[in-house]
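Everything on this sheet refers to the single structure shown next.
The values are calculated or read from the model by the stated rules, or taken from the named source; none is laboratory data. The structure presented is a predicted model; accordingly, all values stated were derived computationally and were not measured. Positions of Cβ are backbone-derived with ideal geometry, glycine not excepted, and every protein chain shown enters the neighbour counts. Side chains are part of the model used for accessible areas, which takes the heavy atoms of the whole protein and leaves out ligands, DNA and RNA. Shrake-Rupley method; radii C 1.70, N 1.55, O 1.52, S 1.80 Å.
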Amino acid sequence: MAETNNVKDGGLATDLEAQGVHLQGDPLWSARLLYTNPQAIRDAHCRFLLSGADVISTATYQASVEGFMDHLNVSSEGAKELIMSGVQLAKEAVERLKGRRCPLVAGSLGPYGAFLHNGSEYTGDYAEKMSVQELKAWHRPQVECLAAAEADVLAFETIPSIKEAEALVELLKEFPNTKAWLSLSCKDVKRLSDGSLFRDAVQIANRSEQLIAVGVNCCPPELVEPLLDSARTLLSPEISWVVYPNSGESWDPEQGWCTSEAALPALLEMSGTWVKQGAALIGGCCRISPAHVAKLRRHLKGSRGSPTSEPRPK
């Protein structure tokens, strides 16, 4: 992946909600549709692929064996099958391209706080009360499922705690044939959501021979450049930056997203700088739609931006 500037998809839930699916307040978020409406997920993947995405992420960010057992009343085996189906749905969407391109399927794995559904995924507070071994034990079933389903790469994303980042890097060693990226949740230009330094998390990522990228997601676009800059001298030459911020709009618990007309232009304008900083994978998170991804692709790839001609990411 380090040799090519690849475009990741945007917010899967954003696109699903645009199609009329109600997700707000659901403890399983878009992962519930793996059980109730898998066709909606497959169609959403297709829309991002048709927009030119080189990498699409599965609908498993908020999926866990424990969560599915609690909220869907399925067995442990049934929960594992649902997680694995997320990879299969994405692969089926890729197959619809009929060989015109060969995008990657990233198996999405969110933080423990997403399972708690109490807002702690944005603070990482839960990690203070858990050991690295406990965090590894909780994440292990999900990693097993995504690896067994043969996702092209795993996406450890929106990770707010340096302890959880360490746990995931250690856990990855148990799956030696699996590659991954580590994307962190940050609250300012130097720190993760739990207050740890971004540069320290990058040094943890450097220890892994399986990580292909480290970076940030689900933060305002303006935080990206200074965050990458804060660790630019530390990044291993074997690892690239991965960047997929949200639109930059603010979230109000009562009013929802506060729309800003300047959000997308800011994302497009800043993306060129991220490329110069060494970002090999750039996309969007919350509020970034297939239409936005198409514009991002044209902006980054120019005349090479035809969705029918791009090579497989390396």
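Per-residue answers, yes or no, for (1) farther than 22 Å from residue 157 by Cβ; (2) of a type outside the set (D, E, K, R); (3) touching a helix residue (DSSP H, G or I) at 6+ places or on another chain (Cβ under 9 Å):
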{"position": "24", "(1), (2), (3)": "no, yes, yes"}
{"position": "38", "(1), (2), (3)": "no, yes, yes"}
{"position": "61", "(1), (2), (3)": "no, yes, yes"}
{"position": "66", "(1), (2), (3)": "no, no, yes"}
{"position": "69", "(1), (2), (3)": "yes, yes, yes"}
{"position": "75", "(1), (2), (3)": "yes, yes, yes"}
{"position": "94", "(1), (2), (3)": "no, yes, yes"}
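Please find, among 114, 59, the residue that is in a helix (DSSP H, G or I) and small (Gly, Ala, Ser). Outline the logic, then answer.
Details: 59 fails: in a helix (DSSP H, G or I).
Within the list 114, 59, the selection yields 114.
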Among the residues listed as 206, 217, the single one being touching an Asp or Glu at 6+ places or on another chain (Cβ under 9 Å) and over 19 Å from residue 60 (Cβ atoms): 206
Cβ-Cβ under 7 Å pairs, at least 6 apart or on other chains, the range 112-133 side open to solvent by 80 Å² or more (accessible area, probe 1.4 Å), far side not aliphatic (A, V, I, L, M): 117/27; 122/160; 122/185; 122/193
Some residue of the range 174-196 being under 19 Å from residue 280 (Cβ atoms) and in a helix (DSSP H, G or I): no
Filtered residues of the range 10-47 (kept if among the hydroxyl-bearing types (Ser, Thr, Tyr) and either assigned to a loop (DSSP other than H, G, I, E, B) or surrounded by fewer than 17 Cβ atoms within 10 Å (Cβ to Cβ) (or both)): 36
Spans of strands (runs of 3 or more DSSP E) in the range 220-314 with at least 2 residues touching an Asp or Glu at 6+ places or on another chain (Cβ under 9 Å) and modelled with pLDDT under 95: 256-258
Any hit, the range 181-192, residues being open to solvent by less than 10 Å² (accessible area, probe 1.4 Å) and of a type in the set (Gly, Ala, Ser): yes
For residue 158: the one exception among (1) surrounded by 22 or more Cβ atoms within 10 Å (Cβ to Cβ); (2) on the phi > 0 side of the Ramachandran plot; (3) not in a strand (DSSP E or B): (3)
Among (1) of a type in the set (A, V, I, L, M, F, W, C); (2) surrounded by 20 or more Cβ atoms within 10 Å (Cβ to Cβ); (3) in a loop (DSSP other than H, G, I, E, B), the one test that residue 205 misses: (3)
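For the range 163-178, indicate whether the set of residues that are in contact with a Pro (Cβ under 8 Å, 6 or more places away or on another chain) and open to solvent by less than 50 Å² (accessible area, probe 1.4 Å) is non-empty.
At the first step, the residues of the range 163-178 found to be in contact with a Pro (Cβ under 8 Å, 6 or more places away or on another chain) are 164.
Then drop every residue that is not open to solvent by less than 50 Å² (accessible area, probe 1.4 Å), which leaves 164.
Scanning the range 163-178 turns up at least one residue that is in contact with a Pro (Cβ under 8 Å, 6 or more places away or on another chain) and open to solvent by less than 50 Å² (accessible area, probe 1.4 Å).
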Yes/no for residue 96 being basic (Lys, Arg) and in contact with a Lys or Arg (Cβ under 9 Å, 6 or more places away or on another chain): yes
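Please state which one of 74, 94, 87, 55 is more than 16 Å from residue 7 (Cα to Cα), within 21 Å of the chain's Cα centre (by Cα), open to solvent by less than 60 Å² (accessible area, probe 1.4 Å) and at pLDDT 95 or above.
Working: 74 fails: within 21 Å of the chain's Cα centre (by Cα); 94 fails: more than 16 Å from residue 7 (Cα to Cα); 55 fails: more than 16 Å from residue 7 (Cα to Cα).
Matching residue, one of 74, 94, 87, 55: 87.
Which is in contact with a helix residue (DSSP H, G or I) (Cβ under 8 Å, 6 or more places away or on another chain) and farther than 25 Å from residue 301 by Cβ, of 53, 114, 90?
Details: 53 fails: farther than 25 Å from residue 301 by Cβ; 90 fails: farther than 25 Å from residue 301 by Cβ.
After applying the criteria, what remains is 114.
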